[in-house]
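Below: one structure, written as structure tokens.
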Amino acid sequence: MIAAMAAMALWVGGIARVRPARLGVPAAGVAIVTTLLAVHDWTGSLAPRWVPALVLVVLLSTPSARVLRADQDLLRARGATGGQVLGLAAAEAGTAGLAGGVAGVALSLACGFSSGSGVALVREIVLLLLAGTLVAVLAILPPALREWYFVPADGGPPWWSPYGLDFILLALAFVWPLFGWAGGTMLLWRLVELGLRKGKRVIGGLLRPLVSGLAGVLALSISWRSALLARSVVLVALAVAFAISTAFTKDGCGEAKVDLIASLVLAAAAAGPSFGAALNERRRDLLIVSTLGGKRRQVAAFIAGDALVVGGGGLIAGHLLGILFVVLAGMERVPSPHGYFGLLAVVVIVSCVAASARIAQLAARDEVSDLRDY
């Protein structure tokens, strides 16, 4: 038992040292969720607005499949069992959840969001910490188990597409609005992935004014990576939808400002670091283009095409999804704050540009010998 705990501590310490974002991202997400829970005071609404934020945090905090595969290959080579891998992933989730939960509780107390006293305050703090740990567990454990016990496909439509789960949930929206939210998000994911995979001609036509002769090649590249890009589009869209649903509704409890700030942070994370991680998965493609004689301008065109798809597609789809959230929730509406929508668009665009610039900088350093690392 002591040896197992020591191994978990060493593993978590190594992850924190070598890949700090692996623990930092879920911890930051947990802090946001626990703060939102404290602000909304665990309201018994049938469609609490923090649910899209929670789902987005789970998706944003999911580790990269390529990184997970590399780590688990190393563990397999050292004779690790499935139970040991589960224990290490649980240790990661517990550490990130506790750290983020403590940060969220501290912020809530400092800002006066948790204003109880005595036993009630202790109970709320314990519940917030448990909720934060659950969020981290949902983000970290399922991908680790999937990579260990199954051989997930690197591309193709979402797993629920053959079963029509998105349509079933949308049909059940009248029973519970959250079914409609989930079904709408899943349907969007299905349509975006299908459009990117099958719409090569349309995408090429849209990109031709920007990249001229490279439009066809770029459209084909986007089609090959449709699953990866669709996930990025949906993450940006979900962040925008949370912002839209927050901006269009009124709660009368001073909660709106916190929701608006949280939505901007999540939008920046979805369009920045998360999109950057997706672009990083494509560095092998970019290196192959460079190896075959592609110029820097052509490599930059590939990156810009992805940024246009994710940023533009996410903003448009997010507005539609946000309106669906508002309609299903049945909340009282307020006039749309156009200034906030403009700020939201700026945050998404700037984050996409920053992520693209960083990946372009890294791609320029890659050498042919680096192909073996991909």
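Quick notes on this one:
- Highest mean packing comes first when the peptides 307-318, 65-76, 27-38 are listed by Cβ atoms within 10 Å, giving 27-38, 307-318, 65-76.
- Working from Cα pairs under 8 Å separated by at least six residues, relative contact order for region 21-138 is 47 percent.
- Label-point separation in nm, LYS295 to THR81, each point 7 Å along Cα→Cβ: 6.0
- Highest mean packing first, where packing is the average number of other Cβ atoms within 10 Å per residue, the peptides 124-132, 164-172 line up as 124-132, 164-172.
Any read-out appearing in this document is the output of simple, stated calculations on the displayed coordinates, not a laboratory observation. Because the structure is predicted, anything quoted here is derived from the model rather than measured. Every residue, glycine as well, gets a Cβ built from its backbone with ideal geometry; the counts of neighbours run over all protein chains shown.
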